[in-house]
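Throughout, read-outs are computed from the coordinates displayed, never taken from laboratory work. Since the structure is predicted, the reported quantities are computational estimates derived from the model, not experimental observations. Neighbour counts run over all protein chains shown; Cβ positions are idealised from the backbone, glycine included.
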Amino acid sequence: MITRVSLLFAVLGISSCEPNLVDDPIPLASFSDVVINPSFPEYTDLNRDGGFKDISNLKDAGVRGIIIYRKSATSFFAFEKNCSYTPNEACATVEVHSSGLFMIDPCCGSSFSFEDGMPSGGPAWRPLRQYRTQFDGGVLTITEEILN
């Protein structure tokens, strides 16, 4: 009897260490195209490779806002600020870490790469939602089309 009880606790203990790969999806957000000119003063951080800009102040951009990252002169990424781990929690909002090297959700502790939005630490197991971007003629357009 003691052996079965010990075995049960051992199995329960092992299974509790498994990551929780079942949680709510990020809610969908419908928004009009966001069009910005990176040469405008408020977007000067987007004038260098590795630069980023939080555009949460724009009306209806994503669920909780969008972070734009400039990979190169013609390549930009737009990431949803709603964390991919327990996204319905009130505090599940991603921001750029003070180092400027990655994004982080201070609520759950998950961190995400600027290169692809993939989690690099914490409990998150899904990437941040990424929206389609188009850079043409000095104008950057972000659409509601989801890339991942």
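Some observations on this one:
- Average projection area in nm² (convex hull over Cα atoms of the stretch 36-80, one quarter of hull surface): 2.9 nm²
- Along each principal axis, Cα extent of the stretch 18-124, largest first, Å: 46, 28, 20
- For the stretch 45-53, backbone phi angles converted through the Karplus equation (6.51, -1.76, 1.60; θ = phi - 60°) give residue-by-residue couplings of 5, 8, 8, 9, 4, x, x, 9, 8 Hz, Gly and Pro being listed as x.
- Percent of alpha-carbon pairs separated by more than 18 Å within the stretch 71-148: 41 percent
- Peptides ranked, highest mean first, by Cβ atoms within 10 Å: ranges 108-119, 75-86: 75-86, 108-119
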